[in-house]
Amino acid sequence: GWSEKWEVEGLQTVGILLVVCSSLKLMHFLGLIDLSTADSVEDDFELSTVCHRPESMDKLEEQTKFTKKELQVLYRGFKNECPCGVVNEENFKTIYSQFFPQGDSSMYAHFLFEAFDTNKNGSVSFEDFVFGLSIILRGTINDRLNWAFNLYDLNKDGCITKEEMFDIMKSIYDMMGKYTYPTMQDDIPREHVESFFQKMDRNKDGVVTIEEFIESCKKDENIMQSMQLFDNVI
């Protein structure tokens, strides 16, 4: 029936959307949505005694779509939460368990951490964080979908398998808690993932490529509308 259709459609949209929402939650958690505190950050930045000192603000301003003032606010928030200047996977898990106390967010936090940790050194620096956020919040639709694709592509081999999609969906379901989708009982029915996957796998070769992923998302009204919600966040 209709509600079941929503569940399938809803879950896939939630999958993409959560990437963005959770980044927003991360920012809110870091106290970053409020831009009024940017006054004395410059000194903070120069004199900071962090273990990992980020590149200069000017350089980051060139490389991202944030203004200098926004970067200063982001840095202050980041340093408050992560005095050492880098975040490891455990920090991510702690942050997400606070956002989603009703579910188990550890798997999703693991996947998200992998997506932010672009140089695969087991930690996310301020630069990594800002580059990711810049894409999610200010990138073009293609940039954002590329980023989401990378999140779904768990082994980073350039295509998404049905198993990878199932793992991501399951981690989202676990994180949201059983109350969000009470009709699903104990697990995401595989046929839900199956139908989403079939829709994306346009040439039916059993894997979803970046082109197929982007094309499918662009044809999905829910996903496109939700992408636009984040255009004016900070």
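The values are calculated or read from the model by the stated rules, or taken from the named source; none is laboratory data. Just so you know, these numbers come straight off a predicted model, no measurement behind them. Neighbour counts are summed over all protein chains in view; Cβ atoms, including those assigned to glycine, are modelled from backbone coordinates with ideal geometry. Remember, those area values only see protein heavy atoms, side chains included, never the ligands or the DNA or RNA. Shrake-Rupley method; radii C 1.70, N 1.55, O 1.52, S 1.80 Å.
Could you tell me how many of the residues in the stretch 79-95 are among the basic types (K, R) and touching a Cys at 6+ places or on another chain (Cβ under 7 Å)? Even if it seems obvious, please write down each step before you answer.
Step one: of the stretch 79-95, the residues among the basic types (K, R) are 79, 93.
If we keep only those that are touching a Cys at 6+ places or on another chain (Cβ under 7 Å) too, we end up with none.
Summing the residues that are among the basic types (K, R) and touching a Cys at 6+ places or on another chain (Cβ under 7 Å) in the stretch 79-95 gives 0.
Looking only at the stretch 124-151, which residues are touching a residue at least 24 places away in the same chain (Cβ under 8 Å) and either of a type in the set (S, T, N, Q) or outside any helix (DSSP H, G or I) (or both)? First the steps, then the outcome.
Within the stretch 124-151, the subset touching a residue at least 24 places away in the same chain (Cβ under 8 Å) is 124-127, 129-134, 136-139, 141-142, 144-151.
Result: V124, S125, S134, G139, N142, N146, N150.
When you check D186 against the structure, is it within 30 Å of V73 (Cβ to Cβ), acidic (D, E) and either at pLDDT below 90 or open to solvent by less than 60 Å² (accessible area, probe 1.4 Å) (or both), yes or no? Let's see the steps before the verdict.
Details: within 30 Å of V73 (Cβ to Cβ): no; acidic (D, E): yes; either at pLDDT below 90 or open to solvent by less than 60 Å² (accessible area, probe 1.4 Å) (or both): yes.
For D186, the condition - within 30 Å of V73 (Cβ to Cβ), acidic (D, E) and either at pLDDT below 90 or open to solvent by less than 60 Å² (accessible area, probe 1.4 Å) (or both) - is not met.
Quickly run through the stretch 195-226 and pick out the residues that are part of a loop (DSSP other than H, G, I, E, B) and either within 17 Å of D157 (Cα to Cα) or free of Cβ contacts under 8 Å to residues at least 24 places away in the same chain (or both).
First pass over the stretch 195-226, keeping only residues part of a loop (DSSP other than H, G, I, E, B): 201-206, 220.
D201, R202, N203, K204, D205, G206, listed by residue number.
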